[in-house]
Amino acid sequence: MIMKKKITIKQLTLLAMLLSLALVLSIAESFIPFGIPGLKLGLANMVILLAIYYFGFWMALAIDILRVIISSIAIGTFLAMGFWMSLAGATLSFFVMYVFYRWLKIFTPVGNSIAGAYTHALAQILVGVFYLGSWGVFYYFPVMAIASLITGTFNGFIVEMILKNKYLSTAVGYEKTTI
Amino acid sequence: MEKEEITQQKPEKKKNFILKHLWDFVLLGVLLVGTTTAYVARSAINNKSKDLDITATVLYEGNVMEIKDEHGKNKNPFILSSINEYQEIEIQGRHTTLTIGLKHNAIAVVHSGCPGQECVHEGWVDRPNHPIVCAHNGIYIEIESDNWSDITIG
């Protein structure tokens, strides 16, 4: 039901590599302090966007959720507030990026990445509001949102460059090489 | 001849790049203008509210925390405008303890066992509506002022 097409060993290998890459980036960027709760470079978002283009909805969603769970266990924030913030941010940004990819064709991966990063920040703030019981958490939103726009644009251009790589696209069976 | 072709291709490439990303830049522009406006408004309010008398309430998972003084009386919320000497209080968050510093009209988390240390990096806060959050410990310090309505922006 989930996978209509059989997955090749090449694709499976790349899938595992993408999950590992997303994990390493998630854990590494959690050690970079920005002084604002929840503010991160969002490098793992880049991997999720790539997975959406390469593998489609279910595989990319699996990578997204697995990387949040495994990285939070590794960092020691599993089921803590940081975990729920990450999970909400990752899930909401995933759906927005997928909607952009699937139905809003006027946007390139750069636009998808910007929208994903912005909603990631918004979802984190909303979890903060729910968890801490105060709308005052929105105080941090402008800074987080502006940072997300910068990192989202940067990550989007990197994804676009990677998608143009014909060798990688052939390896995963991704046909659209003219992004 | 080849050189001429290359120089002609460059502006064409640039034009194609802009056209291809036109909607991306529109999206970026709209979000950036909206968010920057919110940021500027926030900064304006922040600057105006610098000298107001403030009160800080320490909340744990959305509920006002009970912090007792030496007589067993709850002293949370803290009326910071009436504090004249520096004092520290230790509270227990969900995972670690936090040390909160209090002085005249200012509050800070001076030490926390949380991994991110964002609450400590926030430093001394001396104006209303600037919360201090320690997400790891479920601690939220709400800062308010009774003179808030006196502020006029513009």
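The values are calculated or read from the model by the stated rules, or taken from the named source; none is laboratory data. Nothing here was measured: the structure is a model prediction, and the numbers come from that model. Ideal geometry is used to build each Cβ from the backbone, glycine not excepted, and the neighbour counts take in all protein chains shown. Areas reflect the complete protein model, heavy atoms only, side chains present, ligands, DNA and RNA absent. Shrake-Rupley method; radii C 1.70, N 1.55, O 1.52, S 1.80 Å.
List of remarks:
- Here the strands (runs of 3 or more DSSP E) wholly within the stretch B:38-154 that include at least 2 residues being more than 10 Å from chain A (Cβ to nearest Cβ) and under 17 Å from the mean Cα position of the chain (by Cα) are B:55-60, B:106-112.
- From the list A:98, A:118, the one residue that fits, being away from chain B (no Cβ under 14 Å), touching a residue at least 24 places away in the same chain (Cβ under 8 Å) and in contact with a helix residue (DSSP H, G or I) (Cβ under 7 Å, 6 or more places away or on another chain), is A:98.
- Selection from the stretch B:83-136 of residues that are without any contact (Cβ under 8 Å) to a residue 60 or more places away in the chain and of a type in the set (S, T, N, Q): B:84, B:87, B:92, B:96, B:97, B:99, B:105, B:112, B:117
- For the stretch A:46-82, filtered to residues that are within 14 Å of chain B (Cβ to nearest Cβ) and closer than 25 Å to residue A:149 by Cβ, the residue that is most open to solvent (accessible area, probe 1.4 Å) is A:82.
- Check on residue A:133, facing chain B (nearest Cβ under 7 Å), over 13 Å from the mean Cα position of the chain (by Cα), open to solvent by 40 Å² or more (accessible area, probe 1.4 Å) and more than 19 Å from residue B:27 (Cβ to Cβ): yes
- Residues (open to solvent by less than 20 Å² (accessible area, probe 1.4 Å) and either in contact with a strand residue (DSSP E or B) (Cβ under 6 Å, 6 or more places away or on another chain) or farther than 20 Å from residue A:14 by Cβ (or both)) located in the stretch A:91-102: A:93
- Evaluation of residue A:165 against (1) free of Cβ contacts under 8 Å to residues at least 40 places away in the same chain; (2) at the interface with chain B (Cβ under 7 Å from one of its Cβ atoms) (one fails), failing number: (2)
- Scan of the stretch B:43-73 for residues that are of a type in the set (D, E, K, R) and open to solvent by less than 50 Å² (accessible area, probe 1.4 Å), ordered by number: B:69
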